[in-house]
Amino acid sequence: MEAKAFRYLGLAARAGCVPSGEFQTENAVRNGKAYAVIIAGDASENTKKKFRNMCEYRNVPVFEFSDKETLGQRIGRGERSSCAITDENLAGAFIKTMRDEVKGDKNGKNQGS
């Protein structure tokens, strides 16, 4: 489902615009550099809650994705529980694509892709 959106994540990672891991992601959010945050689905509930609250307070969109191993692979790293996109244009493309794909799934489109 999220294949197209995560191409933008990979592109941002190659451009050096994806701080990853809890410490770097948290710093990006707190310093106002994060335009989108992605959390692994198998991250701890405390980690998920911490980032959701932090991002909600700062109006940064948060997305939950697969698992730590797959998230790390998408950005060319080892296992990661979280990452941020710090390039505004790539984050905007990622967010738009994610929302379009979710909307498409709800309308019966993109089923089985």
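The values are calculated or read from the model by the stated rules, or taken from the named source; none is laboratory data. For clarity, every value in this text was computed on a predicted model and none was experimentally measured. Note: ideal-geometry Cβ built from the backbone for every residue, glycine included; neighbour counts use all protein chains shown. Heads up: the accessible areas ignore ligands, DNA and RNA and are worked out on the full protein's heavy atoms, side chains in. Shrake-Rupley method; radii C 1.70, N 1.55, O 1.52, S 1.80 Å.
For segment 39-74, enumerate the residues that are hydrophobic (A, V, I, L, M, F, W, C) and more than 14 Å from the chain's Cα centre (by Cα).
Selection gives 54 alone.
Scanning segment 1-53 for residues that are over 23 Å from residue 103 (Cα atoms), assigned to a loop (DSSP other than H, G, I, E, B) and in contact (Cβ under 8 Å) with a residue 40 or more places away in the chain yields 15, 17, 18, 19, 21, 33, 34. Inclusion of residue 15 among residues that are open to solvent by less than 60 Å² (accessible area, probe 1.4 Å) and of a type outside the set (S, T, N, Q) is not warranted.
Only one residue in 69, 64, 56 is in a strand (DSSP E or B), without any contact (Cβ under 8 Å) to a residue 60 or more places away in the chain and open to solvent by 70 Å² or more (accessible area, probe 1.4 Å). Which one? Before you say what the answer is, go through the steps one by one.
Numbers: 69 fails: in a strand (DSSP E or B); 56 fails: in a strand (DSSP E or B).
From the options 69, 64, 56, the qualifying one is 64.
Taken over segment 72-81, residues that are touching a helix residue (DSSP H, G or I) at 6+ places or on another chain (Cβ under 7 Å), open to solvent by less than 90 Å² (accessible area, probe 1.4 Å) and touching a residue at least 40 places away in the same chain (Cβ under 8 Å) amount to 4. Is there a residue being more than 12 Å from the chain's Cα centre (by Cα), modelled with pLDDT under 95 and polar (S, T, N, Q) anywhere in segment 98-107? Yes, because at least one residue in segment 98-107 is more than 12 Å from the chain's Cα centre (by Cα), modelled with pLDDT under 95 and polar (S, T, N, Q). Evaluate the following for residue 84: is it in a helix (DSSP H, G or I), open to solvent by less than 50 Å² (accessible area, probe 1.4 Å) and at pLDDT 95 or above? For residue 84, the condition - in a helix (DSSP H, G or I), open to solvent by less than 50 Å² (accessible area, probe 1.4 Å) and at pLDDT 95 or above - is not met.
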